[in-house]
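Engineer: There's a structure below that I have some questions on.
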Amino acid sequence: WRIAGGLIAHPRSGHDRNIPLLCWYGIEPLVAADPARALELVGRTPWPKMKDFLTRRAATFPEGRTAITHSLSAAKTPKEFTGQANQLLTALASLPPVAMPDAWGKAKARGLSFGEDASVQDALHRMGTRFGDETFFDRWRGIARDAKARPADRIEAIELLTVGKDPELGEIARSLLHVPALRPVAVAALRRHPGRDTAEALVGRLPEFSLDLRNQAINLLASRPEMVLVLLEAVDDGTVEASLVSHVLLDQFARFENERIDKLIDAHWTRGSAGVDLGELASAIESWKRKLNPRVMAKADRSRGRQVYTVTCGTCHQLFGEG
């Protein structure tokens, strides 16, 4: 620790291409061992990259996030607060949702004490929402609903509310499915808000979705029996094509052991291997190879092939990064 503290205190060494990185490689294992002590180095080093590295590494585990919020609560200036807060946010952006750190209340109070400083308030709202602090949800709800706001800002708002587990997000996301630019993030948000209301909203928009998004929506609908029923009833009344539902999903639906689901499946799909003579399989494959010769395949609709892949194979398999 003493060697590390001495090395990173040299102002001129921060301009060297290698020394800051070499020092970081030595210090990095110490951060997990004692995050609070590691964060003390942030105030001792003049090297901007070292400050960033220390904060972002500490943010990747609970004890480190607690140490950072303790440090934020002791910030002396708005610049010091936002500098560390933004590094914490950078780290949080690459992590799954995390629990609210123990010292968040003190860090929040310190941020609010800086008054109307825009950079502090922005960082505070982002951190608070990510930590599930409902005090900060209203701002992002307003942006998400604002038809005049930039799509990028509305997308960020929905993403932050998703991470923060906003209980009102389901209603917001369902109301935004008519906006093409917001559909992907809205469908992603609805994974946390399943139920019949979500199923009806998705099924009503399925024909408008892109192929990939339609597949995502159908997989979400397949997650609960009450949502499956909405989907199958839409197939039954002709508003959704039966071909959009793969046989893999039908197997999943059958495992719900729901009589109504089973009847709707039997009404629209043929399943199982009844009547298939495995002894004739090899000759059948050769016959199809002759029928689907290069001349015939040259006339094939590739877009339709992509759809068939997405619906039937892409449920379980990935090809060229899709599925």
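The values are calculated or read from the model by the stated rules, or taken from the named source; none is laboratory data. Given the structure is predicted, the values throughout are model-derived calculations rather than measurements. Counting neighbours? That spans all protein chains shown, and the Cβs are built from the backbone with ideal geometry, glycine included. For the accessible areas, the whole protein counts, side chains as well, though only heavy atoms, and no ligand, DNA or RNA atoms are used. Shrake-Rupley method; radii C 1.70, N 1.55, O 1.52, S 1.80 Å.
Engineer: Show the residue pairs that are 6+ apart or on different chains and have beta-carbon atoms under 9 Å apart, the first residue being within segment 34-52 and without any contact (Cβ under 8 Å) to a residue 60 or more places away in the chain and among the basic types (K, R), the second being open to solvent by less than 70 Å² (accessible area, probe 1.4 Å) and in a loop (DSSP other than H, G, I, E, B).
Structural biologist: Close Cβ pairs satisfying both conditions: R44/I8; R44/A9; K51/T45.
Engineer: Okay, moving on. Mind telling me which of the residues A36, A4, A9 ends up being closer than 18 Å to A91 by Cβ, surrounded by 13 or more Cβ atoms within 10 Å (Cβ to Cβ) and of a type outside the set (S, T, N, Q)?
Structural biologist: A36
Engineer: Just checking, which of P97, P48, P29 is closer than 27 Å to D166 by Cβ and either open to solvent by 60 Å² or more (accessible area, probe 1.4 Å) or of a type in the set (V, I, T) (or both)?
Structural biologist: Working: P48 fails: closer than 27 Å to D166 by Cβ; P29 fails: closer than 27 Å to D166 by Cβ.
Of the residues listed, the single one that is closer than 27 Å to D166 by Cβ and either open to solvent by 60 Å² or more (accessible area, probe 1.4 Å) or of a type in the set (V, I, T) (or both) is P97.
Engineer: If I go through segment 191-211 residue by residue, how many of them are in a helix (DSSP H, G or I), farther than 17 Å from E168 by Cα and open to solvent by 50 Å² or more (accessible area, probe 1.4 Å)?
Structural biologist: So the count comes out to 5.
Engineer: Now, a different point. With (1) farther than 27 Å from L229 by Cβ; (2) open to solvent by 100 Å² or more (accessible area, probe 1.4 Å) as the list, and K263 as the residue in question, which single condition is left unmet?
Structural biologist: K263 satisfies all of (1) farther than 27 Å from L229 by Cβ; (2) open to solvent by 100 Å² or more (accessible area, probe 1.4 Å) except (1).
Engineer: Right, another one. I need the full set of residues from segment 12-26 which are within 21 Å of L39 (Cβ to Cβ) and either open to solvent by less than 40 Å² (accessible area, probe 1.4 Å) or over 40 Å from the mean Cα position of the chain (by Cα) (or both), in order please.
Structural biologist: Within segment 12-26, S13, G14, P20, C23, W24 meet the criteria.
Engineer: Further, regarding this structure: Can you pull out every residue in segment 146-164 that is of a type outside the set (A, V, I, L, M, F, W, C) and surrounded by fewer than 14 Cβ atoms within 10 Å (Cβ to Cβ)?
Structural biologist: D146, K148, R150, P151, D153
Engineer: Regarding segment 212-226, can at least one residue be identified that is assigned to a helix (DSSP H, G or I) and more than 19 Å from C316 (Cα to Cα)? Lay out the reasoning, then the answer.
Structural biologist: Step one: filter segment 212-226 for residues assigned to a helix (DSSP H, G or I), giving 212-221, 225-226.
Imposing the further condition that a residue be more than 19 Å from C316 (Cα to Cα) reduces the set to 225-226.
The answer is yes, given that some residue of segment 212-226 is assigned to a helix (DSSP H, G or I) and more than 19 Å from C316 (Cα to Cα).
Engineer: While we're here: Taking E80 as meeting all but one of (1) surrounded by 15 or more Cβ atoms within 10 Å (Cβ to Cβ); (2) within 18 Å of F131 (Cβ to Cβ), write down the number of the exception.
Structural biologist: Among (1) surrounded by 15 or more Cβ atoms within 10 Å (Cβ to Cβ); (2) within 18 Å of F131 (Cβ to Cβ), E80 violates only (2).
Engineer: Quick check: is even one residue across segment 274-286 surrounded by 13 or more Cβ atoms within 10 Å (Cβ to Cβ) and of a type in the set (S, T, Y)?
Structural biologist: Scanning segment 274-286 turns up no residue that is surrounded by 13 or more Cβ atoms within 10 Å (Cβ to Cβ) and of a type in the set (S, T, Y).
Engineer: Across segment 168-190, what is the total count of residues that are open to solvent by 60 Å² or more (accessible area, probe 1.4 Å), part of a loop (DSSP other than H, G, I, E, B) and either at pLDDT below 95 or farther than 21 Å from P97 by Cα (or both)? Spell out how you get there, then give the answer.
Structural biologist: Residues of segment 168-190 that are open to solvent by 60 Å² or more (accessible area, probe 1.4 Å), as a first pass: 168, 171, 174, 178, 180, 184.
Now restrict to residues that are part of a loop (DSSP other than H, G, I, E, B): 168, 178.
Within this subset, residues satisfying the condition of being either at pLDDT below 95 or farther than 21 Å from P97 by Cα (or both) are 178.
Within segment 168-190, residues that are open to solvent by 60 Å² or more (accessible area, probe 1.4 Å), part of a loop (DSSP other than H, G, I, E, B) and either at pLDDT below 95 or farther than 21 Å from P97 by Cα (or both) number 1.
Conditions tested, residue by residue: (1) open to solvent by 40 Å² or more (accessible area, probe 1.4 Å); (2) touching a Pro at 6+ places or on another chain (Cβ under 6 Å); (3) at pLDDT below 90.
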position: E233; (1), (2), (3): yes, no, no
position: D251; (1), (2), (3): yes, no, yes
position: W269; (1), (2), (3): no, no, yes
position: S303; (1), (2), (3): yes, no, yes
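Engineer: To continue, here is another question. Please state which of the following conditions V228 fails to meet, knowing it meets all the rest: (1) open to solvent by less than 40 Å² (accessible area, probe 1.4 Å); (2) within 26 Å of S303 (Cα to Cα).
Structural biologist: The number of the failed condition is (2).
Engineer: Pairs needed: first member in segment 196-216, touching a residue at least 40 places away in the same chain (Cβ under 8 Å); second member anywhere, open to solvent by 50 Å² or more (accessible area, probe 1.4 Å) and charged (D, E, K, R); C-beta distance under 8 Å; at least 6 residues apart or different chains.
Structural biologist: L211/R306; D212/E322
Engineer: If you don't mind, another one. Go through segment 100-126 and count every residue that is open to solvent by less than 30 Å² (accessible area, probe 1.4 Å) and in contact with an Asp or Glu (Cβ under 8 Å, 6 or more places away or on another chain).
Structural biologist: 1
Engineer: Among the residues that make up segment 283-295, is at least one of them over 28 Å from the mean Cα position of the chain (by Cα) and assigned to a loop (DSSP other than H, G, I, E, B)?
Structural biologist: Of the residues in segment 283-295, the ones over 28 Å from the mean Cα position of the chain (by Cα) are 283-295.
Cutting the leftovers down to assigned to a loop (DSSP other than H, G, I, E, B) gives us 292-293.
The answer is yes, given that some residue of segment 283-295 is over 28 Å from the mean Cα position of the chain (by Cα) and assigned to a loop (DSSP other than H, G, I, E, B).
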